[in-house]
Amino acid sequence: LREGLGRSLELKRLAEAETSRDSERLNELTAKTAAANVRELQGNLVAEAFGPLLEKANAFVAGILPSPLAYRDGEIGTFREGIWVGHRTFSGTEKALAYAAIQAALAASAPVKVMILDELGRLDSANARLLAARAKEAVASGFIDQFVGIDTRAELYQEFADSDCQVVDIR
């Protein structure tokens, strides 16, 4: 009788352990599913928030930066040949352009739409002229109200002379 009772208790403990294990697996699966859903929701919210901003920023620097700006895992960067490159590893010129593009996109919806870009001298002449043309277009279209560029080259000063943009010639 004792043997039967012992066996019965042992089976009951095994059944309880199995039920507990199954319950823990279910809890773990539920937690993983919930975390995945939260990450997806967060990604969608970020895409909705950053999408229009990055669209405006990319329009400003299209053809100047090597590839469009993107948002991934809490960071602005870009994909180059399928490889993610975060903004922290951009060259100084790329950083200046990326930050200027984001500044222009933010300024577009601000009450005072001023864009200031220092270190225009980092750009080669062709890209500096392209940026100058974009700045002029942005001011003319009302995207921004004013552009102030800072450079040491007289050629850019002349490029902006007939527009509502300013280049401060530092000597």
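The values are calculated or read from the model by the stated rules, or taken from the named source; none is laboratory data. Only a predicted model underlies this, so the values are computations on that prediction, with no experimental measurement involved. As a convention, Cβ positions derive from the backbone with ideal geometry for all residues, glycine included, and neighbour counts pool all protein chains shown. All accessible areas refer to the heavy atoms of the entire protein, side chains included, with ligands and DNA or RNA removed. Shrake-Rupley method; radii C 1.70, N 1.55, O 1.52, S 1.80 Å.
Worth a mention:
- Taking the listed residues Arg134, Arg122, the one that is open to solvent by 40 Å² or more (accessible area, probe 1.4 Å), over 30 Å from Leu41 (Cα atoms) and in contact (Cβ under 8 Å) with a residue 40 or more places away in the chain is Arg134, with no other qualifying.
- Scanning the stretch 123-145 for residues that are under 13 Å from Ser109 (Cα atoms) and not in a helix (DSSP H, G or I) turns up Gly142, Phe143, Ile144, Asp145.
- Residues being among the small types (Gly, Ala, Ser) and open to solvent by less than 20 Å² (accessible area, probe 1.4 Å) - total across the stretch 77-99: 3
- Of the criteria (1) over 30 Å from Gln42 (Cα atoms); (2) loosely packed, with under 15 Cβ neighbours inside 10 Å, which one Ala110 fails: (1)
- Residue that is open to solvent by 80 Å² or more (accessible area, probe 1.4 Å), among the hydrophobic types (A, V, I, L, M, F, W, C), modelled with pLDDT of 85 or more and not in a loop (DSSP other than H, G, I, E, B), where the choices are Leu9, Leu54, Leu26, Leu45: Leu26
- All positions within the stretch 116-139 that are aliphatic (A, V, I, L, M) and within 16 Å of Ile150 (Cβ to Cβ): Ile116, Leu117, Leu120, Leu123, Ala128, Leu131, Ala132, Ala135
- Number of positions in the stretch 29-42 that are closer than 30 Å to Ile76 by Cβ and open to solvent by 100 Å² or more (accessible area, probe 1.4 Å): 5
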